Structures are given as structure tokens and as C-alpha cells.
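Heads up: the structure comes next, in C-alpha cells.
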Amino acid sequence: MERKVTLFGNPVTLIGNEVKVGDRAPDFLVLDKDLKEVKLSDFKGKIKLISVTPSLDTPVCDLQARTFNERASKLSEDIVILNISMDLPFAIARFCSAAGIEKVKVLSDHREASFGLAYGLLIKELRLLSRAVLIVDKDDIIRYIEIVPEVTNHPDYERAFEELSKVT
């Protein structure tokens, strides 16, 4: 099913499997900054906050990653924050080094768009991911989804952390 969001006010189409709160979170295969394969199942038994960004080389995505990284240090050990984008692993490594991102696991979906298609967040026209925040509980059930209607806008950080506190 195709869904629409906007990018700079222009409609773009999201493709892939639409997921909803209460659904089992689909597994996916992405790469970390060292080209190692990472799957959702690698975080079994943890609460996952998934921050989805189009590209870390843009100001909003940069701030989104930094905001979640800063807040991650205040969270319990059973919570993991993942940032997933279509950025190449080399760009992710450079970004994390320059921005001091140490608490968020920054991952690349560039190879197969596995995450984007599994969660219905792949922008058809650009092969980028749409900005979103998801919370997946310890049993891999989706408890919260925010797909930001205008891709260039920030997600609702406070609401994401409110929802995260309900799952912990």
C-alpha cells in the first residue's frame, strides 16, 4: 500500500509493508559503520527506539541523532536506540566520529532497503527513508510509531520519550 508524506511541501510516496502499533516488528538486515550486518533480532530482549532519518548530512537529521544520543545516556541498559538511514557506512562512521555519537547505534539501510521496505518507510521517488520514530518492546511488538508528515520537520522528541517510559 502506498502512503504519502511531503518533502519540502511536495508529496512523495512511501512504499513497503505498512506496520501499525500492536504488530510484530519485522526483522531487517542493515549494516553498521564497520560493514557488519545487523538485524532487529540482534537486540532480542531489549526495548528498541528506532530513529529513522533520510540522511545524517542534513541539519535536522544531524540534530535528531545528537538529541537521541544525548538522551540515551539517561536510559536503562535494557533500552537500545538505533538510528537508521540510507547513508553509506563510511559516511556514518565519519558522522559518528565528528558528532561524538557513542550511545546510539547508527545503521545503514543502503544495501537492500530491508528496513525501509519492511516498515513502509522507503520514499519511492528518492530511495531515502522517511523521518520516523518507532518503539519496539522486549517482545518485538511495535508500541509507538510517528511518521513525520513533512520529512524536513523534527519528530516529537518529548512524545517519543513519554511513550518509551510507558514501555519500560
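Values quoted throughout were computed directly from the atomic coordinates according to the rules given, and no laboratory measurement underlies them. This one's a predicted model, so the numbers in the text were calculated from it and none came from an experiment. All Cβ positions, even for glycine, are placed from backbone atoms using ideal geometry, and neighbour counts span all protein chains on display.
Side notes on the structure shown:
- Charge context of residue 77, other residues only, Cβ under 13 angstrom, K/R +1, D/E -1: +3
- Against the rule of thumb 2.2 N^0.38 Å, how large the Cα Rg of the chain comes out: 0.93
- HN-Hα J in Hz across segment 77-89 - Karplus 6.51, -1.76, 1.60, θ = phi - 60°, x for Gly and Pro: 5, 8, 10, 10, 10, 10, 10, 10, 9, 8, 4, 5, x
- Over 30 Å (Cα to Cα) - which of 124/166; 20/124; 36/124 fall in this group: 124/166
- Mean residue ellipticity, 222 nm, helices only, the chain: the sum of -39500 (n - 2.57) across DSSP H runs of n ≥ 4, divided by residue count and rounded to 500, is -7500 deg cm²/dmol.
- Summing charges over all other residues whose Cβ lies under 11 Å from the Cβ of residue 93, with Lys and Arg as +1 and Asp and Glu as -1, gives -1.
- In sequence order, calculated HN-Hα J values of segment 91-101 (Karplus, 6.51, -1.76, 1.60; Hz; x Gly/Pro): 5, 4, 4, 5, 4, 4, 5, 5, 8, x, 7
- Counted charge near residue 104, where neighbours are those whose Cβ lies closer than 14 Å (Asp, Glu -1; Lys, Arg +1): +3
- Put a dot 7 Å past the Cα of residue 70, heading toward its Cβ, do the same for residue 150, and the two dots end up 2.2 nm apart.
- Top of 124, 74, 20 by mean-square fluctuation, Gaussian network on the chain, Cα under 10 Å: 74
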